[in-house]
Amino acid sequence: MFLSVFDIFKIGIGPSSSHTMGPMTAAVRFLEQLRGQPATPARLRVTLHGSLAFTGKGHATDRAVALGLIGYTPAGIVPGEAEQRLADLQAEMVVRPTGLPALSFNPASDIVFDYGPSLPGHSNGLIFEAFDAAGKSVLREVYYSIGGGFVVTEAELANPTTVDSSAQSVMRPYPFDSAAAMLEMARASGKSIAVMKRENELKTMSSAELDSGIGQIWQTMNGCIERGLSQQGELPGGLHVKRRAMSIRGQLEKEKGTNRAQPHVTSDWLSVYAMAVNEENAAGGKVVTAPTNGAAGVVPAVIRYYLDHCFGADPARVSEFLLTAAAIGGLIKHNASISGAEAGCQGEVGSAAAMAAAGLCAVLGGSPEQVENAAEIALEHHLGMTCDPAAGLVQVPCIERNGIGAIKAVAAASLALRGDGSHFMPLDNCIEAMRQTGVEMSAKFKETSLGGLAVNLPEC
């Protein structure tokens, strides 16, 4: 299955790609289906299941569903305007989607958190229903938010070949679906992973469109870093977690040019770039899935590290970084998972670290074999990591975890560059190990906040 760079890197809102961007997209899709129904709808209801129910309040899933039913897409959110529209909805209890009549919808009662067993297809399930004025069902659809902002219906999950079949039918010049195939094609063609990925993308878009889209991705990532580095105060959600990125940046700036800076200060810069992004994500700001919101800080932090701290860094190579990272992220999603609800945080921050390590290795001159090695090292050392957010909020341990993931990514790239690309554990096998670990991992440790750090909190 071909995954575009724009499938892996999606612009949207925090705090969670599977809990906010996915459900919002599901709402948009449901409204589109509803416009094609002959009966006249009058009322809407949405039921959240599994992880979406257990951590939906902390992840603002109810907010995302409401915004989607109002008519917003994840990438189209205008924060101040959106909050006013939500306030209007609370007052009127009516949504007015384009092309449909006014629909009764009270978020307090028409978004139902079902804490029973998960739906059979995936732990992130939600059901949209529309009723006519007499209470008769007009349309019912089951959706699954499968990580990274991806959403499929129940039928699409059962038959994946129906999903975006037009894009999948395009013949790509380098159709690798494993790291082994990717390396073989690189050896045969003499091309880098980024060049092969680029030529695959150009089968369905122009060079100008690709460059513009990638430029927008980096601009959004970098803007998110800068916003996070300039904000103070307490993050929403009730845990009273304070933003720290601005304060840490201030300390680091004061140490520049002095003899007080420790050798590991570059690790602090890496951490603060990543924390800035994930503090913005926790506040519901605009971020880029990389490959998910919960792991959105790792790739941007490593790119900023490359640009700000690496000798010979070239801003023109950010595109190469992102294309390489997207190739690795696509392999992981295709062969395992990037969903915290499915695989734990190894699937989120672990995948992000592998992507970032690959991208950094590439722009520092690594061969395809060294790039694959860098991705494997980074992923290998996240295996088994649980997704256990306190109170269901993408704050503790998620914000710091992105900083440490970025540090591991740089270390992995550096180790790979010290070798010749040959290594014991292939990336494909490491991805399979991650998939197997996710299957065996208890549901308590997969984004339900029922185990791990989420239930071992300080007593206040």
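The values are calculated or read from the model by the stated rules, or taken from the named source; none is laboratory data. The structure displayed is predicted, hence computed values, not measured ones. Here the Cβ is made from the backbone with ideal geometry for all residues, glycine too, and neighbour counts use every protein chain on show. Only protein heavy atoms, including side chains, enter the accessible area calculation; ligands, DNA and RNA are left aside. Shrake-Rupley method; radii C 1.70, N 1.55, O 1.52, S 1.80 Å.
Some observations on this one:
- Pairwise alpha-carbon distances in the range 300-368 exceed 15 Å for 51% of all pairs.
- Approximate spin-label separation residue 155-residue 177, in nm, with each point projected 7 Å along Cα-to-Cβ: 2.3
- With the convex hull of its Cα atoms as the shape, the range 237-277 has an orientation-averaged projected area of 3.4 nm².
- Between the listed residues 21, 190, 39, the Cα displaced farthest toward the positive end of the dipole of the chain, a dipole computed from Cβ unit charges relative to the Cα centre, is found at 21.
- Neighbourhood charge, 14 Å Cβ-Cβ cut-off, centred on residue 441 and excluding it, Lys, Arg +1 and Asp, Glu -1: -2
- Cross-link table 254/286; 57/254; 197/254; 408/444; 197/444, entries beyond 31 Å C-alpha to C-alpha: 57/254; 197/254; 197/444
- Compared with the rule-of-thumb size 2.2 N^0.38 Å for a compact globular protein, the range 117-165 has a Cα radius of gyration ratio of 1.32.
- With eigenvalues of the C-alpha gyration tensor scaled by 5 and rooted, the range 301-460, Å: 29, 18, 12
- Per-residue HN-Hα couplings for the range 35-44 [Karplus 6.51, -1.76, 1.60; θ = phi - 60°; Hz; x = Gly/Pro]: 5, x, 8, x, 6, 9, x, 10, 8, 10
- Length-normalised contact order for the chain - Cα pairs under 8 Å, 6+ apart - percent: 18
- Counting charges near residue 349 (Lys, Arg +1; Asp, Glu -1) among other residues having Cβ under 15 Å from its Cβ returns a value of -2.
- Alpha-carbon spread of the chain, three principal axes, descending order, Å: 70, 55, 43
- Kirkwood hydrodynamic radius computed over the range 45-186 comes to 17.5 Å, based on all pairs of distinct alpha carbons.
- Area of residue 348 that stays accessible when all protein chains are in place (1.4 Å probe, Å², to 10): 20
- The range 421-460, Rg to Rh (Cα coordinates; Rh as Kirkwood inverse mean 1/r): 1.25
- Placing +1 on each Lys and Arg Cβ and -1 on each Asp and Glu Cβ, with no other charges, gives the chain a dipole about its Cα centre of roughly 540 debye.
- Which of 80, 218, 409, positive extreme of dipole for the chain (C-beta unit charges): 80
- The chain: angle of helix 79-92 to the longest principal axis, Cα-based, in degrees nearest 10: 20
- Within the same chain, lysines fewer than 8 places from residue 191 are excluded, and of the rest, those with a Cα less than 24 Å from its Cα are 203, 333.
- Given their separation in residues at 0.36 nm each and the Cα-Cα distance between them, residue 86 and residue 422 gain 115.5 nm when the chain is fully extended.
- On a per residue basis, the convex hull of the C-alpha atoms belonging to the range 202-244 measures out at 88 Å³.
- Accessible area (Å², per residue) of the range 310-365, counting only protein heavy atoms and a probe of 1.4 Å: 22
- Maximal additional length on extending the residue 255-residue 170 stretch stands at 25.3 nm, based on 0.36 nm per residue less the C-alpha distance.
- Taking all pairs of distinct alpha-carbon atoms in the range 1-96, Kirkwood radius in angstrom: 14.3
- Residue 219-residue 37 pseudo-label distance in nm [points 7 Å out on the Cα-to-Cβ vector]: 3.9
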